[in-house]
Structures are given as C-alpha cells and as structure tokens.
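Structure first, then comments.
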Amino acid sequence: MDAEQARHVAAVLRRLGIPGEVAPEDPENASGPWRVYDTADPVTRRDVTADVLASVTAKFPEGRPGSGPSRGFVVPSGDE
C-alpha cells in the first residue's frame, strides 16, 4: 500500500479497535510501500500485516450480508 492507502488503513484499524502501527517499510522513504507493524520502532518492529488482515476479516464473518474482505484491504476512498 502507499502512504494515502496507509492513512485509510490506519483509520479503519482505529475504528475497529485493532492494534497496529502503519508505517513505510523503509523509514527513510515515505513514498515507498507501507506495511502494518506491531510497534512504531523501526529497529524492533515486526511486520504484522497478515495478522491484522486476519483480524479485520474476523470482524466481518463470511456469509453475512455486507461481509467484509476475505483477501486484501478494502478501504473506502476519502472522496465518498
């Protein structure tokens, strides 16, 4: 995800009460790809993007009308 998508993902995580720090893979390059980490510290952080995706998916069980994503992040744009 890029920086704009990361901002939306961070907002969704906050709304759902899911812990995670959304940050660029390379702290020196904010225009590069972003991931979700367990902590903001770039030295000790661990990539938890897959775990966070599973947590988001669990919030929206399949088979329910309007169920959430089963793969990847689906975040509405700020234009809507």
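The values are calculated or read from the model by the stated rules, or taken from the named source; none is laboratory data. What you see is a predicted model; the values in this text were computed from it and never measured. As a convention, Cβ positions derive from the backbone with ideal geometry for all residues, glycine included, and neighbour counts pool all protein chains shown. For the accessible areas, the whole protein counts, side chains as well, though only heavy atoms, and no ligand, DNA or RNA atoms are used. Shrake-Rupley method; radii C 1.70, N 1.55, O 1.52, S 1.80 Å.
Odds and ends about this structure:
- The range 12-35, residues that are touching a residue at least 12 places away in the same chain (Cβ under 8 Å) and open to solvent by less than 50 Å² (accessible area, probe 1.4 Å): V12, L13, L16, I18, G20, V22, A23, P24, W34
- Long-range neighbours under 8 Å by Cβ, at least six apart or interchain, first residue farther than 18 Å from A30 by Cα and of a type in the set (A, V, I, L, M, F, W, C) within the range 40-60, second at pLDDT 90 or above and open to solvent by 70 Å² or more (accessible area, probe 1.4 Å): V48/D38
- Condition met for T49 (surrounded by 13 or more Cβ atoms within 10 Å (Cβ to Cβ), at pLDDT 70 or above and within 17 Å of A3 (Cβ to Cβ)): yes
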